[in-house]
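Participant: Quick one: the structure is below, and I'll ask about it shortly.
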Amino acid sequence: MLVQISNLHKYYHGTAVLQSVNLTIEDGDHIGLIGENGSGKSTLLRLLVGKELPDHIQEGDGEIIISPKTSIGYLEQMSGLDSQSTVWDEMKNVFQPLLTAQEQMHALEKQMQEGDLSGIEMYHQLQTWFESNDGYQIDVKIRMILSGMGFFPEEYGRLISSFSGGEKTRLALAKLLLEAPNLLILDEPTNHLDFKTVMWLEDYLKDYKGTLLLVSHDRFFLDKLSTSICELERGKLTRYKGNYTTSIKLKTAAIERQWKEYEQQQKEIAKLEDYVARNITRASTAKSAQSRVKQLEKMEHIEKPAARQKQARICFTYEVEPPVEVLKVQDVDISVGSGEQRKLLVSSVSFEIRRGEKWGIIGDNGVGKSTLLKIVQGMLPHSGKIRWTSNVKLSYFDQESANLHSEKSVMQEIHDRVPSWTNLEVRNLLGQVRLTGENVFKPVGVLSGGERAKVCFAVMMLEHGNVLILDEPTNHLDIAMKEIIEAALVDFTGTLLFVSHDRYLLDKVADHILELTPSGGMAKIGGFSDWLAAKQKTKEMEQSVIIEKESSSKENVYHSKKQRSMQAKLRAQMRQLEQNLDEMQAEFDDLAIDLKREEVMQDYQCMQKKCARMEQLRLNMDDCMEQMIAVEEQLGN
């Protein structure tokens, strides 16, 4: 057991955020923590790491017991980063104990070379500890993690203060991965990451030896990594075995079972109460009625399942059906800027969309996905051809909500688009996207990202477009709202063209994937999983071709009798060098053992002689290794 949380409570301004929360975190758990925005996920994490204290309702509650063996790593924005440090120095700081040991080893080596062998025992202890903790792999580990998180060698010398907020968060995550705590807590780790980095992180965390506690709205991420899901709902925490998709099935089954048991018990209670009411006053049946009363008193009442909150009701409709061939894009260059500042992102993009198709656009950050959406709408200049068919009506979801007016209230934003509507009709529409109460009178500019997205969806419902163009439609939305948008887009019978990093959305909605890379655009029929499988197959085929070429090359290198003879001699030389190295290593190991013997440590001349022999062996082994490398290169050629 790493962490035990018992009967935890937390209140803000008299409102319960967490109520009677219980959670046990065992070594090796991969837990996904989910819940609607404001459900208390981040609060629970802050309590867990000691940044906040629980509220106590009665003596003994609100305990958080953390095992002494537990080391916790918690990802926060710019967590633990020194802004005046370089990337490389900041990452190396993780290994400071190892680096200090290495400095001590170097000092002791110099001391022994000068004839002072008093520190030899300490040297061996440091060396053993350094090697057992992969001290010689520090640079390799740092380069692997930084590369996976999208940082290149030319950036290693940059000051952290020169990076953007998103880049600093990625660096903080890289540092956490290098620290490798046995309880790694990540709050929305996939924010600021592109596809390539997210998939690298998934693969890395899947093999993580420690315990994971993940807060994420990325359902694909949760499906791949979680072995259990904890859901916070109305202050209560419920744990389900399995990944996110499994937890939804288990939750649905549990709610149905609870309703069934509750309704059966209510029928039984009503039957007993009716019997008591009819028979309690009659002398002949009073005893039997009293028995029913006692039965009612002893009955353990099943709690009524919480009624589901009203869900948003989003539905996109249109009136005019366009022809079959909706859009043709031919040799379009995607670029940003103008004149001398113009930068080409992707060249010669071509694709065709037919009526009813649903195209998802993917690619690395900054490759031009959002720019392409604006180009096809004629909002930006471009080269190449773009041809829309007749009877097309576009409706556009801008992730920046640029089509909304920040000074207007939510009500006024809708009223200005349909002046003939009454306030009741406007509020009914806003109620469909779950904007209710005083929120409808707020200026658009003060709304959260999720609330602004809801206003945009309401506007799209008014526009009745038969072609929907959406730029990151599920950003800022919690999982419940994401699923409602997914259902609306799946049910939409018109045409879709959308950009998204939400792989769950791409997999469920898209029937075509358009991948943008600096070398061009590549279209693939199917959802995200189909695209991923195709990419993996292509990668395996490329690796197979490389292996086959290398094998063929090696088979054809030595074709003459003279070359075959030379190869045989080199292999014999390699075997002799390997034998020599093994013998020297064995002698070196025996000497190292001798140096720890008390009688040797007390004999200065004997120790000096053995140390000199060890130094000579070390030099000989280095020379032998260099010869082996040279022979290996000749064999390769």
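Participant: Scan region 280-308 residue by residue and report those that are loosely packed, with under 13 Cβ neighbours inside 10 Å and not in a helix (DSSP H, G or I).
Facilitator: The answer is THR281, ARG282, ALA283, SER284, MET299, GLU300, HIS301, GLU303, LYS304, ALA306, ALA307, ARG308.
Participant: Separate question: In the list GLN573, GLN563, GLN579, which residue meets the criterion of being modelled with pLDDT under 80 and open to solvent by less than 100 Å² (accessible area, probe 1.4 Å)?
Facilitator: GLN563
Participant: Six or more apart or on different chains, Cβ atoms under 7 Å: show the pairs whose first residue is in region 524-544 and aliphatic (A, V, I, L, M) and whose second is surrounded by 15 or more Cβ atoms within 10 Å (Cβ to Cβ).
Facilitator: Correct list of pairs: ILE525/HIS512; ALA534/LYS524.
Participant: Also, I was wondering about something else. Kindly list, by first and then second residue, each pair from a residue in region 254-278 that is closer than 23 Å to LYS241 by Cβ and modelled with pLDDT of 90 or more to a residue that is among the aliphatic types (A, V, I, L, M) and surrounded by 12 or more Cβ atoms within 10 Å (Cβ to Cβ), limited to pairs with Cβ atoms under 6 Å and residues at least 6 apart or on different chains.
Facilitator: Every condition considered, the pairs that remain are GLU261/ILE302.
Participant: Are any residues in region 195-216 open to solvent by 30 Å² or more (accessible area, probe 1.4 Å) and closer than 22 Å to LEU477 by Cα, and if so, which ones?
Facilitator: Correct list: MET199 only.
Participant: Tell me which residues, restricted to region 339-364, are touching a Ser or Thr at 6+ places or on another chain (Cβ under 9 Å), open to solvent by less than 80 Å² (accessible area, probe 1.4 Å) and modelled with pLDDT under 90.
Facilitator: ASP364
Participant: Does GLU598 qualify as being loosely packed, with under 10 Cβ neighbours inside 10 Å, closer than 18 Å to TYR123 by Cβ, over 46 Å from the mean Cα position of the chain (by Cα) and at pLDDT below 80?
Facilitator: yes
Participant: Looking at GLY449, GLY445, GLY437, GLY431, which is the one that is on the phi > 0 side of the Ramachandran plot, open to solvent by 10 Å² or more (accessible area, probe 1.4 Å) and without any contact (Cβ under 8 Å) to a residue 60 or more places away in the chain?
Facilitator: Testing whether each residue is on the phi > 0 side of the Ramachandran plot, open to solvent by 10 Å² or more (accessible area, probe 1.4 Å) and without any contact (Cβ under 8 Å) to a residue 60 or more places away in the chain leaves just GLY437.
Participant: Something else: Looking only at region 375-407, which residues are under 22 Å from GLY449 (Cβ atoms), open to solvent by 20 Å² or more (accessible area, probe 1.4 Å) and modelled with pLDDT of 95 or more?
Facilitator: TYR396
Participant: Name the pairs: first residue in region 315-331 and within 20 Å of VAL376 (Cα to Cα), second residue aliphatic (A, V, I, L, M) and surrounded by 12 or more Cβ atoms within 10 Å (Cβ to Cβ), Cβ to Cβ under 6 Å, at least 6 apart or on different chains?
Facilitator: Sorted first by the residue in region 315-331, then by its partner, the pairs are PRO322/VAL392; VAL326/ILE353; LEU327/ILE353; VAL329/ILE386.
Participant: When you go through (1) more than 30 Å from THR245 (Cβ to Cβ); (2) loosely packed, with under 14 Cβ neighbours inside 10 Å one by one for MET1, which number turns out not to apply?
Facilitator: So MET1 meets the others, but not (1).
Participant: Let me spell it out: the conditions are (1) touching a Pro at 6+ places or on another chain (Cβ under 8 Å); (2) closer than 29 Å to ARG170 by Cβ, and HIS9 meets all of them except one. Which number is the exception?
Facilitator: (2)
Participant: Also, quick follow-up: Search region 155-183 for residues that are more than 21 Å from LEU213 (Cα to Cα) and pair each with any residue that is small (Gly, Ala, Ser) and modelled with pLDDT under 90 when their beta-carbon atoms are under 6 Å apart and the residues are at least 6 apart or on different chains.
Facilitator: The qualifying pairs are ILE160/SER83; SER161/SER83.
Participant: Could you tell me how many of the residues in region 233-254 are part of a helix (DSSP H, G or I), open to solvent by less than 60 Å² (accessible area, probe 1.4 Å) and hydrophobic (A, V, I, L, M, F, W, C)?
Facilitator: 2
Participant: So, VAL336, is that one within 22 Å of LEU470 (Cα to Cα), open to solvent by less than 30 Å² (accessible area, probe 1.4 Å) and of a type in the set (A, V, I, L, M) or not?
Facilitator: Taking the combined requirement at face value, the residue does not satisfy it.
Participant: A follow-up question, please. Within region 63-98, track down each residue that is outside any helix (DSSP H, G or I), open to solvent by less than 70 Å² (accessible area, probe 1.4 Å), of a type outside the set (A, V, I, L, M) and at pLDDT 90 or above.
Facilitator: SER67, THR70, SER71, GLY73, TYR74, SER85, THR86
The values are calculated or read from the model by the stated rules, or taken from the named source; none is laboratory data. Predicted model, so just to flag it, every value in this text is computed and none were measured. Using ideal geometry, Cβ is built from the backbone for each residue, glycine included, and neighbour counts are taken over all protein chains shown. When the accessible area is computed, the model is the full protein with side chains, heavy atoms only, and any ligands, DNA or RNA have been set aside. Shrake-Rupley method; radii C 1.70, N 1.55, O 1.52, S 1.80 Å.
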